[in-house]
Amino acid sequence: MDLTQSMEDYLETIYLLKRRKGNVRIKDIVNALKIAPPSVTEAVGNMIKWGFVKHEKYGDIELTEKGIKEAERVYQKHKVLFEFLSNILMVNENEAETDACSMEHYISKQTYERFVKFIEFVNSCDTRPNWLKSFHYYLENGKKPEYCEGRGGRTMNEKGLDELSINDKGKIIKIDAEKALKKKFLDMGFIPGTAVEVVGIAPLGDPIEVKLRGYKISLRKEEAKSVLIEVVK
């Protein structure tokens, strides 16, 4: 059967109360979910019918094997979503807890699995990836780190050739272009490690004239974007 949001909340609550307290009674669920006792009693009765819990009158409420399985499934989704909201998006813990409780009931299987893979990827790195550190810097300071300006993921001294001004100099790091254009650049001498200088820019910014290996070469600005330069101060 497909569990309703309410039923998933009950199962997860009973599961967590059992872990924290060792025993669960009607009043514990009432206090945890802020729901009237008659409603909780009715819900527990339904869960007994569906085989999720066992409950003797005035006694403890126990999850069945079936109930534990469903409760752990819901709680695992909650943990993943909470970790993403809290540790990746830096949402404060109270809000992350509340939002994870809502999201866990509606998220699709594929989207949930992508959340799991994303968190596994981030946590498998020895240190947090630079792009994630940059995002956290942006959240805390309201602005991007300098090296993100214009071209995300580059260091402060790395730019596209199209971003340089007249008399700017640098060293070619790589050619980020499709095979044909990359071959064209390599044939012209744009080889990683080679020094290059911007010697002229047309009034409208296109084309750009550069000096390379003693030769002057004119490039369209769109092409120049493909040449990644380490700027020399």
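Here, each number is a calculation from the coordinates, and none is a lab measurement. Computed from a predicted structure; not experimentally measured. Reconstructed Cβ throughout: ideal geometry from the backbone, glycine too, with neighbour counts over all protein chains shown.
For the reader, a short list of remarks on this structure follows.
- Charge dipole magnitude, Cβ of K and R +1, D and E -1 - the chain, Cα centre, debye nearest 20: 640
- As a rough guide to protection, the peptides 104-117, 84-97 ranked by mean Cβ packing within 10 Å, highest first, stand as 84-97, 104-117.
- Cross-link pairs beyond the 30 Å C-alpha cut-off, checked among LYS34/LYS57; LYS133/LYS182; LYS34/LYS79; LYS18/LYS133; LYS183/LYS211: LYS133/LYS182; LYS18/LYS133
- Extension gain from SER39 to LEU132, taking 0.36 nm per residue of separation minus the Cα-Cα distance: 29.0 nm
- Helix 37-49 axis versus longest C-alpha principal axis of the chain: approximately 90°, rounded to the nearest ten.
- Dipole check for the range 153-233: with +1 at the C-beta of Lys and Arg, -1 at the C-beta of Asp and Glu, and the Cα centre as origin, the magnitude is about 260 Debye.
- Distance violations [Cα-Cα > 24 Å] among LYS109/LYS144; LYS159/LYS179; LYS66/LYS109; LYS159/LYS216: LYS109/LYS144
- Crossing angle, helix 5-21 versus the chain [Cα axis fit, 0-90 degrees, rounded to tens]: 80
- For the chain, the relative contact order comes to 13 percent (Cα pairs under 8 Å, sequence separation of at least 6).
- Listed by chain and number, the aspartates and glutamates whose C-alpha is less than 18 Å from the C-alpha of LYS117, apart from same-chain residues fewer than 8 away, are GLU83, GLU104, ASP126.
- Among the listed options [x] 27.6, 109; [y] 29.5, 93; [z] 19.1, 67, the one matching Rg and Dmax of the Cα atoms in Å as calculated from these coordinates is [y].
- Nearby aspartates and glutamates by direct alpha-carbon distance to LYS169 (threshold 14 angstrom, same-chain neighbours under 8 apart not counted): GLU158, GLU197, GLU209, GLU230
- Think of the chain as having a plus end and a minus end, set by charges on the Cβ of Lys, Arg, Asp and Glu; of LEU228, VAL210, MET188, MET188 sits farthest toward the positive end of this dipole.
- Length added when fully stretched, LYS66-GLU140, from 0.36 nm per residue minus Cα-Cα: 22.2 nm
- The modelled label-to-label distance for the pair GLU222/GLU97, using points 7 Å beyond Cα in the direction of Cβ, is 5.5 nm.
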